[in-house]
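First the structure, in the form of structure tokens, and then the observations on it.
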Amino acid sequence: ALQGGFDYEIAVAKPVTVYAGVWGSNVDFNESGSVDGATVEIDWYGGLKGNIGDTGLSWDAGFIYYSYPGAASSLDYDFWEVQGALGYDFGIASVSASLNYSPENFGKSGDAYYYKLGVDVPVPAVEGLSFSGYVAKQDIQKNAVFGTADYVEWNIGVTYNVAGLFDASINYSDTDVSPGADGKEEAVLFTISRSF
């Protein structure tokens, strides 16, 4: 898959920041031979985030709208969710916990909850190098409609800042869904990002 995104944020009242962004990827839901018209996913998101004084605590509250242009409206692929997160920076590492909720998930599969715990660890001996990882759980009300049982997802990765200009990262992601299940196979992701 080829994926990309743009984010924009602006400080509105210290220490609160408003952010918005868009992310896209090619998709293929037609492995079974059906034709649904969906070839791309575009996610639109925004929210507020900030720090709680100098305590090391951070927070984030926002929304995400998942859209699949070209898909038949009767499939109800498009959906939205709200999200909230808390983080704490220990200096040697930072941790985060988040919850996403959708009242009507992909394909009208009902209520959905996505719980996630993450950690980022900078490497002091190598400037610009850091390791990260997370584990998450996806709970969906109507598993038969969604097409798979609730599942656990995990990700580990490494990021390196190149000459102060770009962040290059490699991540490995997998789930506890049986191998070969549609859309839930292990993956290696290579990402390059740039902040202005």
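List of remarks:
- Any hit, the range 56-75, residues being more than 19 Å from ASN100 (Cα to Cα) and charged (D, E, K, R): no
- With respect to the conditions (1) more than 29 Å from ASP28 (Cα to Cα); (2) at pLDDT below 95; (3) open to solvent by 50 Å² or more (accessible area, probe 1.4 Å), VAL121 lacks only one, and its number is (2).
- Just one of the listed residues (VAL18, VAL22) is in contact (Cβ under 8 Å) with a residue 24 or more places away in the chain, under 19 Å from SER195 (Cα atoms), hydrophobic (A, V, I, L, M, F, W, C) and not in a loop (DSSP other than H, G, I, E, B), namely VAL18.
- Qualifying residue in the range 124-133 (condition: among the hydroxyl-bearing types (Ser, Thr, Tyr) and over 18 Å from the mean Cα position of the chain (by Cα)): yes
So that you can scan it fast, the table gives a plain yes or no per residue for (1) touching a residue at least 12 places away in the same chain (Cβ under 8 Å); (2) farther than 21 Å from ASP7 by Cβ; (3) buried (at least 17 other Cβ atoms within 10 Å of the Cβ); (4) among the aromatic types (Phe, Trp, Tyr):
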position	(1), (2), (3), (4)
TRP44	yes, no, no, yes
TYR66	yes, no, yes, yes
TYR77	yes, yes, yes, yes
PHE90	yes, yes, no, yes
ALA97	yes, yes, no, no
TYR101	yes, yes, no, yes
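- Given (1) assigned to a loop (DSSP other than H, G, I, E, B); (2) surrounded by 14 or more Cβ atoms within 10 Å (Cβ to Cβ), index of the condition GLY53 fails: (2)
- Yes/no for ALA61 being within 29 Å of GLN141 (Cβ to Cβ) and exposed (fewer than 14 other Cβ atoms within 10 Å of the Cβ): yes
- Residues that are surrounded by 17 or more Cβ atoms within 10 Å (Cβ to Cβ), closer than 19 Å to SER193 by Cβ and not acidic (Asp, Glu) are absent from the range 25-41.
- Output for the range 147-176, where each listed residue is open to solvent by 60 Å² or more (accessible area, probe 1.4 Å), part of a strand (DSSP E or B) and either closer than 15 Å to TYR134 by Cα or in contact (Cβ under 8 Å) with a residue 60 or more places away in the chain (or both): TRP154, ILE156, ILE170, TYR172
The values are calculated or read from the model by the stated rules, or taken from the named source; none is laboratory data. Just so we're clear, the structure is a prediction, and the values are computed from it rather than from any experiment. Using ideal geometry, Cβ is built from the backbone for each residue, glycine included, and neighbour counts are taken over all protein chains shown. Note: areas computed on protein heavy atoms with side chains; ligands, DNA, RNA excluded. Shrake-Rupley method; radii C 1.70, N 1.55, O 1.52, S 1.80 Å.
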